[in-house]
Amino acid sequence: AVFGMNCWERNPQADPARYMKEQKFTYPLLLKADEAAVKYHVSGIPTFYLIGPDGKILMAFAGAGEDKLRRAEELIDKTLANTTAQPASGG
């Protein structure tokens, strides 16, 4: 799942939901996420966190770049492959 967080908004006229719609972003957006940004130690925008099925942070980075995105995609693919390859526990 992908979630966006709107934090440190200084413009009282800003409309993050409208921006998401205009940009055709379809993932959920958490508004007024300043406290969450502090808890996740966000130091710049954009910041990306990849969280595994166990809730642990697998990767984090600030800024953008093809190399970072490529590494994130590889890690997502690997994590999904490992998750789907696990036998279901039955009882």
Residues (at pLDDT 90 or above and either open to solvent by 100 Å² or more (accessible area, probe 1.4 Å) or part of a helix (DSSP H, G or I) (or both)) located in segment 11-22: GLN13, PRO16, ALA17, ARG18, TYR19, MET20, LYS21, GLU22
Lone qualifier among PHE25, PHE48, PHE61 - being open to solvent by less than 100 Å² (accessible area, probe 1.4 Å), part of a loop (DSSP other than H, G, I, E, B), touching a strand residue (DSSP E or B) at 6+ places or on another chain (Cβ under 9 Å) and not charged (D, E, K, R): PHE25
Answer from VAL38, VAL42 - the residue that is surrounded by 10 or more Cβ atoms within 10 Å (Cβ to Cβ), in a loop (DSSP other than H, G, I, E, B) and of a type in the set (Val, Ile, Thr): VAL42
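What number of residues within segment 1-29 satisfy the criterion of being small (Gly, Ala, Ser) and without any contact (Cβ under 8 Å) to a residue 12 or more places away in the chain? Please lay out each step first, then the result.
Taking segment 1-29 first, the residues small (Gly, Ala, Ser) are 1, 4, 14, 17.
Remaining after also requiring without any contact (Cβ under 8 Å) to a residue 12 or more places away in the chain: 14.
Residues in segment 1-29 being small (Gly, Ala, Ser) and without any contact (Cβ under 8 Å) to a residue 12 or more places away in the chain: 1 in total.
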All positions within segment 32-72 that are over 14 Å from the mean Cα position of the chain (by Cα) and among the aliphatic types (A, V, I, L, M): VAL38
ASP54 being surrounded by fewer than 14 Cβ atoms within 10 Å (Cβ to Cβ), in a loop (DSSP other than H, G, I, E, B) and not β-branched (Val, Ile, Thr): yes
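The values are calculated or read from the model by the stated rules, or taken from the named source; none is laboratory data. For clarity, every value in this text was computed on a predicted model and none was experimentally measured. Positions of Cβ are generated from backbone atoms using ideal geometry, with glycine treated the same way; all protein chains shown enter the neighbour counts. Just the protein is used for accessible areas: all its heavy atoms, side chains included, with ligands, DNA and RNA removed. Shrake-Rupley method; radii C 1.70, N 1.55, O 1.52, S 1.80 Å.
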